[in-house]
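Read through the structure below, which is laid out as structure tokens, and then see the notes.
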Amino acid sequence: MIKRTRPIQYFLIAATSVVAAQVLFHAINSNAQTPDISATEPKLILGSGMSNAKMSISEALDVLAGVPPLQVRHFSWGLSPELIAQPDRHALRETIRLTGGASFAIWHQPDEVVRVLRTVVDAHRASGQTPWLAVNYSPWVHVSDRANPATMSAADHAFEVAWMEKHLGRIRDYINVGNDMIPGQYRVRHVLLDGEAFWPTKPPAGVDPQLHSDAITKLYNTSYDIAKSIFPDARVSWYAFGTGPIFEGNGWGNYTGHTMDEKSYRCWTPILFSPQSLEGTTELVRRQIDDGRPLIPWLSMPGGYRPLTGFGREWVPKMEYPWEIAWQLGARVNNDWYTATPDRIERFGPWQRIEVMVLYPSPFEIEGFPEKFGAYVAGAHDKSREESLRIIEAMKALWPEQSTRSSE
């Protein structure tokens, strides 16, 4: 059984000076053309710092009990075995209750699936909202020569197809059995495919670029068809399907991991992996083509891309940035006030286009997640600074001995 333990690597290039100027323009323009903001404008919290006093579990649960679920549902990379195994399941239940979603992956065992589903029931009862299920999968990762998909051997192709059918079918069966053991039926609403096996823009020497691209499209379409055959009611989407920073032109274009001709649920899936830059993240949302498609962004929390000298960047599992930025992001994504009028959409970004969000890495998998997620939730509900700090401390209390392991 394969458990993917490295972070999603997407070797895109950081924004060029042109892009930086465009981001700066939006920031300046937002201040220069400030719309008429009423007295109901959400609280803008300032400063940082945490209390040294540790909150008890009972106090933490009391604090979080008064916090409603997020307005936008959030899935994640497959829930970690460590989170599922926590004896009291408090962190797992609050994650599912607040996000409205629970995500499975092929490494989950039957007892883990049942444990998650029982926690889904608890979260449903606590919130009154029916949690949605999602399944994560990375296709074509076992191929011996991924550089040239046009010449993939019949053996490699057959193995990958059989592997995907077997393991997605197994998770489906575990979920079905688990549903038989609990009150209610919880369905898989989304299949989240992580397509990073091939690079359409990098055909091997001597290989026709169109032949290379067509081969990738065909292979990814096979993955889509398998996912739909196993989860026919689910929306099947690809990670990093949309617009992002590139080397060419004005610095923006389609992500280079897809041909953009693959079968997919009709949506864009930008990767919001620079959480320390609120305006840069907002610009990524603005840049997605507005053709009526909703957005299913992948949001990094607390890790992300750290810029390097020159044009590069690297993934780090934990980024140091003020928790107030996470508060602001939670507010923009989940608070209708920011998108209630055209002026506000122009100022803060078209966040109303988001259908669901996907968190990466998994909740509570990386040190720093409780603080940033607590702030994100507080911002989503327009909490004051004092209330926000209480929510952050409550979230930290749910995971007192949090794993600090890297996903590298």
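The values are calculated or read from the model by the stated rules, or taken from the named source; none is laboratory data. What you see is a predicted model; the values in this text were computed from it and never measured. Virtual Cβ from ideal backbone geometry, glycine too; neighbours counted across all protein chains shown.
Exactly one residue out of GLN109, GLN71 is surrounded by fewer than 15 Cβ atoms within 10 Å (Cβ to Cβ) and under 30 Å from THR339 (Cα atoms): that is GLN71. Within segment 199-237, being closer than 22 Å to VAL358 by Cα and among the aromatic types (Phe, Trp, Tyr) holds for TYR220, TYR224, PHE231. I'd like to check something: does segment 283-292 contain any residue that is acidic (Asp, Glu), crowded, with 19+ Cβ neighbours inside 10 Å and over 23 Å from TYR220 (Cβ atoms)? Within segment 283-292, one or more residues are acidic (Asp, Glu), crowded, with 19+ Cβ neighbours inside 10 Å and over 23 Å from TYR220 (Cβ atoms). Selection of first residues in segment 300-312 that are of a type in the set (A, V, I, L, M) and of second residues that are surrounded by 15 or more Cβ atoms within 10 Å (Cβ to Cβ) and assigned to a strand (DSSP E or B), restricted to Cβ pairs under 8 Å at least 6 apart or on distinct chains, gives the following pairs, ordered by first then second residue: MET301/LEU359; MET301/TYR360. With respect to (1) assigned to a helix (DSSP H, G or I); (2) modelled with pLDDT of 95 or more, the lone exception for LEU284 is condition (2).
Of everything in segment 66-96 that is touching a residue at least 40 places away in the same chain (Cβ under 8 Å) and in a helix (DSSP H, G or I), the residue that is farthest from SER362 (Cα to Cα) is HIS90.
For segment 145-157, the count of residues that are surrounded by 23 or more Cβ atoms within 10 Å (Cβ to Cβ), at pLDDT below 95 and touching a Phe, Trp or Tyr at 6+ places or on another chain (Cβ under 8 Å) is nonzero.
For VAL358, the test of being under 24 Å from SER80 (Cα atoms) and surrounded by fewer than 18 Cβ atoms within 10 Å (Cβ to Cβ) is failed. Scanning segment 278-292 for residues being out of contact with any Leu (no Cβ under 9 Å at 6 or more places or on another chain) and without any contact (Cβ under 8 Å) to a residue 60 or more places away in the chain gives a total of 4.
For segment 156-169, the criterion of being free of Cβ contacts under 8 Å to residues at least 60 places away in the same chain, touching a helix residue (DSSP H, G or I) at 6+ places or on another chain (Cβ under 7 Å) and not aromatic (Phe, Trp, Tyr) is met by none of the residues.
Inclusion of ALA102 among residues that are among the small types (Gly, Ala, Ser), on the phi < 0 side of the Ramachandran plot and surrounded by 20 or more Cβ atoms within 10 Å (Cβ to Cβ) is warranted. Scanning segment 158-205 for residues that are buried (at least 20 other Cβ atoms within 10 Å of the Cβ), of a type in the set (A, V, I, L, M) and out of contact with any Ser or Thr (no Cβ under 8 Å at 6 or more places or on another chain) gives LEU168, ILE171, ILE175, VAL188.
Remark: LEU272 falls outside the filter, which requires a residue to be touching a residue at least 40 places away in the same chain (Cβ under 8 Å), of a type in the set (A, V, I, L, M) and crowded, with 22+ Cβ neighbours inside 10 Å. Exactly one residue out of VAL177, VAL135, VAL141, VAL161 is closer than 28 Å to MET357 by Cβ and modelled with pLDDT of 95 or more: that is VAL135.
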